[in-house]
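The values are calculated or read from the model by the stated rules, or taken from the named source; none is laboratory data. Being a predicted model, the structure only gives us computed values, none of them experimental. FYI the Cβ positions are ideal-geometry reconstructions off the backbone, even for glycines, and counts take in every protein chain you see. Note: areas computed on protein heavy atoms with side chains; ligands, DNA, RNA excluded. Shrake-Rupley method; radii C 1.70, N 1.55, O 1.52, S 1.80 Å.
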Amino acid sequence: MLKVENLNVYYGGIHALRGIDIEVQKGQIVSIIGANGAGKSTLLNAISGVIRPKEGSIKYRGKDLPAMPYKIVEAGISQVPEGRLIFANLTVKDNLIIGAYLRKDKEGIAQDLKNVYQLFPRLEERMNQMAGTLSGGEQQMLAMGRGLMSNPDLILLDEPSLGLAPLLVKTIFEIIEDIKKMNKTILLVEQNAYKALSIADKAYVLEQGKIIKEGNAKELTKDPSIQEAYLGKS
Ligand code: ATP
């Protein structure tokens, strides 16, 4: 579904992504784990057209992805950015509706709003509340809900567990699995390697802009070097 080949991104003189190759098959959860500054957000931003790679190809359903964020939404990809970037002075409901800004099918939008409220009952309870007054966890739910409102096939999720209490992290990861069951494909980048590997079909380990390991997520959890570096075991 998504194939990234030899992706190279620079920020001025900093070579942030160094020849990245990844592949995401339809219906999978693919996780990219890595420490702070490994290049996880850069990778998602390159796929979503927010930043322009110097070299490499990004193919979606066999075609080159146009490097423009709204074209990418039209193509069926939605990004849920790190830091959530919700509109603080709009209500929860209006934030969700904004996620459907390119759509004209009113019935489909109404149905997806229902689906989002089913997935996140907390958002339904708070639909008229200003988004800026939501807790961090609720804002994360809102960002994910908004990402679903364009009815994407592929969702790019950037650090959904960042800054959340353990119980909420558990909930968010359960919801990611529920989103997969809605026939969506998910590319997830996370520092929480344990959780990211536990729900993924396939995973990549990103270190200093390079993929240093890839494979079946369950097998990677058994890899001693991964256990030591990312899972807190030795
Ligand atoms: P984190 O988990 O901390 O968000 P990350 O893995 O997402 O980290 P990136 O944000 O992709 O990492 O950053 C990769 C590298 O590129 C870092 O060294 C970072 O300092 C650098 N970088 C990111 N954005 C810029 C920018 N706009 N200008 C210059 N350097 C940047």
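Averaged per residue, segment 164-231 has 50 square angstrom of accessible surface, using a 1.4 angstrom probe with ligands and nucleic acids left out.
Full extension from residue 198 to residue 227: what is 0.36 nm times the residue separation minus their Cα-Cα distance, to one decimal in nm?
That pair, residue 198 and residue 227, stretches by 9.1 nm at full extension.
Once you sort the root eigenvalues of the Cα gyration tensor of segment 50-204 as a ≥ b ≥ c, which label holds: rounded (a/c under 1.5), prolate (a/b larger than b/c) or oblate (the other case)? Kindly include the intermediate steps, with their values, before the conclusion.
On the way: a/c = 1.60, a/b = 1.16, b/c = 1.38.
Oblate, since a/c reaches 1.5 and b/c is not below a/b.
Under 14 Å from the Cβ of residue 85, count the other residues' Cβ atoms, weight Lys and Arg +1, Asp and Glu -1, and hand me the total.
On the way: positive: 84, 146; negative: 82, 158, 159.
My count for the surroundings of residue 85 gives -1.
In this label model, residue 94 and residue 191 are separated by 3.3 nm, measuring between points 7 Å along each Cα→Cβ vector. Computed on segment 85-151, the Cα convex hull volume stands at 71 Å³ per residue. Summary of the geometry: segment 24-57 and segment 65-121, compared by the centres of their Cα atoms, lie 20 Å apart.
Largest GNM mean-square fluctuation among 29, 47, 211, using the chain with Cα springs under 10 Å: 211.
In the chain, helical runs assigned H by DSSP with n ≥ 4 each contribute -39500 (n - 2.57); averaged across all residues and rounded to the nearest 500, the mean residue ellipticity at 222 nm is -11000 deg cm²/dmol.
Counting only residues at least eight positions apart within a chain, or on another chain, the aspartates and glutamates with an alpha carbon under 14 Å from that of residue 59 are 5, 21, 23. Taking only Cα atoms and a 10 Å spring cutoff, compute GNM fluctuations for the chain and point out the largest among 42, 185, 221. Looking only at 42, 185, 221, the largest GNM fluctuation is found for 221.
If you plug the beta carbon distance of residue 135 and residue 183 into 1/(1 + (r/R0)^6) with R0 = 30 Å, you get a FRET efficiency near 0.50.
For the residues 44, 119, 197, a GNM of the chain with alpha-carbon springs under 10 Å puts the largest fluctuation on 119. Straight-line reach from residue 71: taking Cα to Cα under 16 Å and skipping same-chain neighbours fewer than 8 places apart, the aspartates and glutamates in range are 153. Under the criterion of Cα pairs below 8 Å and six or more residues apart, the relative contact order for the chain equals 28 percent.
What a 1.4 Å probe finds exposed on the chain is 50% carbon and sulfur by accessible area, rounded to a whole percent. The calculated FRET efficiency for the pair residue 11 and residue 167, based on their C-beta separation and a Förster distance of 45 Å, comes to about 0.80. Membrane-span-like helices of the chain, defined as complete DSSP H segments with a Cα extent of 15 Å or more along the helix axis and a mean Kyte hydropathy of at least -0.5, are identified as 136-148, 166-181.
Taking every C-alpha pair closer than 8 Å and separated by at least 6 residues, the mean separation divided by the residue count of segment 85-151 gives a relative contact order of 56 percent.
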